[in-house]
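Below are the structure tokens for one structure; questions will follow.
Quick note: the coordinates plus some simple rules give every number you see, no bench work behind them. Nothing here was measured: the structure is a model prediction, and the numbers come from that model. Counting neighbours? That spans all protein chains shown, and the Cβs are built from the backbone with ideal geometry, glycine included.
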Amino acid sequence: MTLSNTERKIIENSIRDVKDFPKPGIVFKDITTLLNDAEAYGVLMNHLYQRYKGYNLNYIAGIDARGFIFGAALAQMLGIGFVPIRKKGKLPYTTISEKYSLEYGIDEVEIHIDAFSKIQNARVLLIDDLIATGGTANAAARLIKQAGASCVEACFVVALNFLDGQKNLKETTNVYSLIEVN
């Protein structure tokens, strides 16, 4: 299931471009304006529900922090559990972690070691607001597998195609993005 042209325009028009953030030359895709637009957020969440209701998912895993906003809401709509994938040091219980490269160094994400233990071979949707280079998303998909589950798809509201993150992630899992920026 894909967005209709009308749905796409509603969502696209609700995302603000912020020039030169976080540094000169970058055009930041600000989803806070989507979140405070009831119509756009409703269109987005309804579309995601319609797309994923037949996937037989057991969990949604959201990437810290904007993935929590979409993932937790969608998990509730689908009647399944939500699992946060957090930056290192933010989860209170025993964790497993994955490192990934940034243009200026290394970062790390974690998940609780027992995040998917209630369901053997759990089917998980990974979700976040945006994919750029794909480092965080690839690390998150590897964590899902390391925790004993299957990442059936990674979903993003926005994909910056010129940074090849989707292309790189497709080697690990299926990828779906609502809005693609070339």
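Can you tell me the length gained on complete extension of the stretch K145 to K118, counting 0.36 nm per residue apart and subtracting the Cα distance?
Result for the pair: 8.2 nm of gain on full extension.
Would you be so kind as to identify all helices of the chain, as entire DSSP H runs, whose Cα atoms reach 18 Å or more along the helix's own axis and whose mean Kyte-Doolittle hydropathy is at least 0.0?
Correct list, ordered by number: 66-78.
Using only helices, what value at 222 nm comes out for the chain when you add -39,500 (n - 2.57) per DSSP H run of length 4 or more and divide by the total residues, to the nearest 500 deg cm²/dmol?
After summing the helix terms and dividing by the residues of the chain, the value is -9500 deg cm²/dmol.
Which chymotrypsin sites (Phe, Trp or Tyr not before Pro) from the stretch 1-83 combine a DSSP loop assignment with at most 15 other Cβ atoms within 10 Å?
Answer in residue order: Y55.
Right, another one. As I understand it, the dipole of the stretch 56-181 uses +1 on the Cβ of Lys and Arg and -1 on the Cβ of Asp and Glu, about the Cα centre. Which of L160, G79, V181 lies farthest toward its positive end?
Toward the positive end, the furthest listed residue is G79.
Using Cα positions and a limit of under 12 Å, work out the aspartates and glutamates in reach of K90, with same-chain residues fewer than 8 apart set aside.
D64, E108, E110
Hey, rough spin-label estimate for E12 and I96, points 7 angstrom out along Cα→Cβ, what's it come to in nanometres?
My value for the distance between the label points is 4.0 nm.
Kindly flag which residue pairs out of K9/K88; K19/K145; K118/K170 have an alpha-carbon separation exceeding 31 Å in this structure.
Cα-Cα > 31 Å for K9/K88; K19/K145; rest within.
Still on this structure: Along the stretch 16-28, what does the Karplus equation 6.51 cos²θ - 1.76 cosθ + 1.60 (θ = phi - 60°) give for ³J(HN,Hα), rounded to whole Hz, x for Gly and Pro?
8, 8, 10, 6, 6, 10, x, 8, x, x, 8, 10, 7
Relative contact order for the stretch 56-181: what is it in percent, counting Cα pairs under 8 Å that are at least 6 residues apart?
For the stretch 56-181, the relative contact order is 23 percent.
Could you tell me which GluC sites (Glu not before Pro) in the stretch 74-182 are loop residues by DSSP with no more than 10 other beta carbons within 10 angstrom of their beta carbon?
Filter output for the stretch 74-182: E103, E171.
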